[in-house]
Amino acid sequence: MKISEILNNNKVTVSFEVFPPKEWAKIDDTKAIITELSKDRPAWMSVTYGAAGTTSGYTTEIANAVKNLGITPLSHLTCINSSREKVNSVLDELEKNGIENILALRGDIPQGFEGGAGQDFHNAYELIAEIKKRNKFCIGGACYPEIHPESKNRVEDIAHLKEKVDVGLDFITTQMFFDNEALYNFREMCAIKEINVPIVAGIMPITNARQIKRSIELSNCSIPKKFERIMDRFGDNPDAMKQAGIVYATEQIIDLMANGVNNIHIYTMNKPDVAHRIMEGLSAIINE
Ligand code: FAD
C-alpha cells in the first residue's frame, strides 16, 4: 500500500523506523527484531539505507521482510555517493519486490568527499526527480524543525524544502526533536510557505544518556531544560534512564496529538521493548 493512501485516511498513525544490520550474517537477527516490532501493528515500517550504499541489498531484504509480515514498508534511499545507474538498479529491485514507498534522501556528505564533474546527484531534489520519472512510487523526504546543520538560516532551509516538495514529495518526516515548540513553529512556517504535504513527526526515545550526546552532535536539535534535568538525575542509572526516556517520548507524543499532529514516526533504534512500552502508553489515545 502507498503511504499517501494511509495518510489520506485522516486517522492517527504511528510508524516505526528500523535499521538493517551492517553484516549479512546478522540479517536474521534483524528479521527477528522486526517480527517483534510488527506485533504493535505500526502504520508502516521504514528501513534506513547505509550511507555508502554498499548495503543497499540489506535495506531491500529487510523492507521485503516487513512486507511479508503484512506491514507497509518504506525503503530509505540516499544519493550523494551514488551514480544514476546505481540508483536505478536499486529502484528496479524495489519495483521487482513490490515495494511502493521510498524516503528519498541526499545522505550525509562523507568525510573527504570531493564530488565534482560526473557527480550525478548533489541534493535530494535531484533524486526525487529521478524516482518521479517512473511514476510508480510514493515518495517521502526529510525535514528539519530546527534546520539542517548545513543551512545558513531558516529562510534558506525552508526554501530548499519547498523546492524538493514541489519536485514530487507525498509527505515529509522530521528529524528528531525534543521540544514540541520546534515542531509547532516549523508547521506554521510550512503553512506560510504553502508546503502542504503531511508532516510526520519523528520521535526518538532516549534511553541511554550517552546516545543523546552523539545524537545532538549529529542533528542540531536542542534539549529542553526538563529533559536535561532528567539526564542529569538518571543518566548513570540505565534502568531509570530507560524508563524516563520512554515516559518522556510518550508524553511528547501525547502533547503532539493534543495539538493536532496525527502522524508520528518512532525511531525505534531496533528496540522492540521500548517501542512496545510507548505504544502501551498510547493505546487508548491511538484508538480514540
Ligand atoms: P537535502 O534535502 O539535499 O538537504 C541537505 C542540505 O542541502 C540542507 O542544508 C539543504 O538546505 C541544502 N540544499 C537542498 N537543496 C539545495 C540546493 N538546491 N542548493 C543548495 N543547497 C541545497 N541518512 C542516511 O544515510 N540513511 C538514511 O536512511 C537516513 N534516513 C533519514 C531519515 C530522516 C527522517 C531524516 C530526517 C534523515 C535521514 N538521514 C539518513 C540523514 C540525511 O541523509 C542527512 O540529514 C543529510 O545530511 C541530508 O539529507 P536530505 O535528504 O535532507 O538532503
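The values are calculated or read from the model by the stated rules, or taken from the named source; none is laboratory data. Here the structure is a predicted model, which is why all the values come from computation and not from measurement. Because the Cβ atoms are built from the backbone with ideal geometry, glycine has one as well, and the counts that use them run over all protein chains shown.
State all residues of region 120-144 that are within 25 Å of Ile266 (Cα to Cα) and more than 10 Å from the ligand (Cβ to nearest atom); if no residue qualifies, say none.
Across region 120-144, the qualifying residues are Phe137, Cys138, Ile139.
In region 146-162, what residues are part of a loop (DSSP other than H, G, I, E, B) and either within 7 Å of the ligand (Cβ to nearest atom) or in contact (Cβ under 8 Å) with a residue 60 or more places away in the chain (or both)? Spell out how you get there, then give the answer.
To start, the set of residues in region 146-162 that are part of a loop (DSSP other than H, G, I, E, B) comprises 146-153.
Across region 146-162, the qualifying residues are Glu146, Ile147, His148, Pro149, Glu150, Ser151.
It is to be established whether one or more residues within region 163-182 are out of contact with any helix residue (DSSP H, G or I) (no Cβ under 8 Å at 6 or more places or on another chain), farther than 24 Å from Ala129 by Cα, in contact (Cβ under 8 Å) with a residue 24 or more places away in the chain and in a helix (DSSP H, G or I).
Going through region 163-182, the residues out of contact with any helix residue (DSSP H, G or I) (no Cβ under 8 Å at 6 or more places or on another chain) turn out to be 165-166, 173, 179, 181-182.
Pick out the ones that are also farther than 24 Å from Ala129 by Cα and you get 179, 181-182.
Next, only the ones that are in contact (Cβ under 8 Å) with a residue 24 or more places away in the chain stay: 179, 182.
Then drop every residue that is not in a helix (DSSP H, G or I), which leaves 182.
Yes: region 163-182 contains one or more residues that are out of contact with any helix residue (DSSP H, G or I) (no Cβ under 8 Å at 6 or more places or on another chain), farther than 24 Å from Ala129 by Cα, in contact (Cβ under 8 Å) with a residue 24 or more places away in the chain and in a helix (DSSP H, G or I).
Collect the residues in region 136-161 that are closer than 14 Å to Val200 by Cα and of a type in the set (A, V, I, L, M), keeping them in residue-number order.
In the first step, residues of region 136-161 are kept if they are closer than 14 Å to Val200 by Cα; the result is 139-145.
Of everything in region 136-161, those that are closer than 14 Å to Val200 by Cα and of a type in the set (A, V, I, L, M) turn out to be Ile139, Ala142.
Given Ile71, Ile27, Ile80, Ile109, which one is at negative phi, surrounded by fewer than 19 Cβ atoms within 10 Å (Cβ to Cβ) and in contact with a Phe, Trp or Tyr (Cβ under 7 Å, 6 or more places away or on another chain)? Step through it out loud before you land on a result.
On the way: Ile71 fails: surrounded by fewer than 19 Cβ atoms within 10 Å (Cβ to Cβ); Ile80 fails: surrounded by fewer than 19 Cβ atoms within 10 Å (Cβ to Cβ); Ile109 fails: in contact with a Phe, Trp or Tyr (Cβ under 7 Å, 6 or more places away or on another chain).
The match here is Ile27.
On the given criteria, is Ile99 within 13 Å of the ligand (Cβ to nearest atom) and closer than 30 Å to Lys31 by Cα? Explain how you work it out, then say what you get.
Details: within 13 Å of the ligand (Cβ to nearest atom): no; closer than 30 Å to Lys31 by Cα: yes.
When the stated conditions are applied, Ile99 does not pass them.
Of the conditions (1) within 17 Å of the chain's Cα centre (by Cα); (2) buried (at least 18 other Cβ atoms within 10 Å of the Cβ); (3) within 16 Å of the ligand (Cβ to nearest atom); (4) not aromatic (Phe, Trp, Tyr), Ile195 satisfies every one except a single condition; which number is it?
(1)
Determine, yes or no, whether Tyr49 is among the aromatic types (Phe, Trp, Tyr), within 11 Å of the ligand (Cβ to nearest atom) and crowded, with 22+ Cβ neighbours inside 10 Å. Before you say what the answer is, go through the steps one by one.
Numbers: among the aromatic types (Phe, Trp, Tyr): yes; within 11 Å of the ligand (Cβ to nearest atom): yes; crowded, with 22+ Cβ neighbours inside 10 Å: yes.
Yes; evaluated as a whole, the condition is true for this residue.
Only one of Asn196, Asn220 is polar (S, T, N, Q) and at pLDDT 95 or above; which? Steps first, answer last, please.
Working: Asn220 fails: at pLDDT 95 or above.
Exactly one residue qualifies, and that residue is Asn196.
Could you list, ordered by first residue, the pairs with Cβ atoms under 8 Å in which the first is in region 116-139 and under 13 Å from Asn88 (Cα atoms) and the second is of a type in the set (Lys, Arg) and in a loop (DSSP other than H, G, I, E, B), at least 6 apart or interchain?
Phe121/Arg106; Leu127/Arg106
Conditions tested, residue by residue: (1) touching a residue at least 12 places away in the same chain (Cβ under 8 Å); (2) β-branched (Val, Ile, Thr); (3) within 16 Å of the ligand (Cβ to nearest atom).
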position	(1), (2), (3)
Pro20	yes, no, yes
Glu23	no, no, no
Lys26	no, no, no
Asp40	yes, no, no
Ala43	yes, no, yes
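How many residues, within region 113-128, are within 20 Å of the chain's Cα centre (by Cα) and hydrophobic (A, V, I, L, M, F, W, C)? So that I can check it myself, show each step before the final result.
Here is the first cut: in region 113-128, the residues within 20 Å of the chain's Cα centre (by Cα) are 123-128.
Restricting the remaining residues to those that are hydrophobic (A, V, I, L, M, F, W, C) gives 124, 127-128.
Residues that pass the stated criteria total 3.
Scan region 85-114 for residues that are without any contact (Cβ under 8 Å) to a residue 24 or more places away in the chain and either assigned to a loop (DSSP other than H, G, I, E, B) or among the hydroxyl-bearing types (Ser, Thr, Tyr) (or both) and report the count. First the steps, then the outcome.
Within region 85-114, the first condition is being without any contact (Cβ under 8 Å) to a residue 24 or more places away in the chain, and the residues that meet it are 85, 89, 92, 96, 111-112, 114.
Next cut, either assigned to a loop (DSSP other than H, G, I, E, B) or among the hydroxyl-bearing types (Ser, Thr, Tyr) (or both) only: 89, 111-112, 114.
The qualifying residues number 4.
Kindly indicate the residue of region 204-221 that is over 13 Å from Gly245 (Cα atoms) and of a type in the set (Ser, Thr, Tyr) and also nearest to the ligand (Cβ to nearest atom) among those meeting that condition. Even if it seems obvious, please write down each step before you answer.
Just the residues of region 204-221 that are over 13 Å from Gly245 (Cα atoms), to begin with: 213-221.
Keeping just the survivors that are of a type in the set (Ser, Thr, Tyr) gives 215, 219.
On the way: Ser215: 12, Ser219: 8 Å.
So, considering only residues that are over 13 Å from Gly245 (Cα atoms) and of a type in the set (Ser, Thr, Tyr), the one nearest to the ligand (Cβ to nearest atom) is Ser219.
Can you pull out the residues in region 58-82 that are at pLDDT below 95 and more than 10 Å from the ligand (Cβ to nearest atom)?
Listed by number, the list holds a single entry, Ser82.
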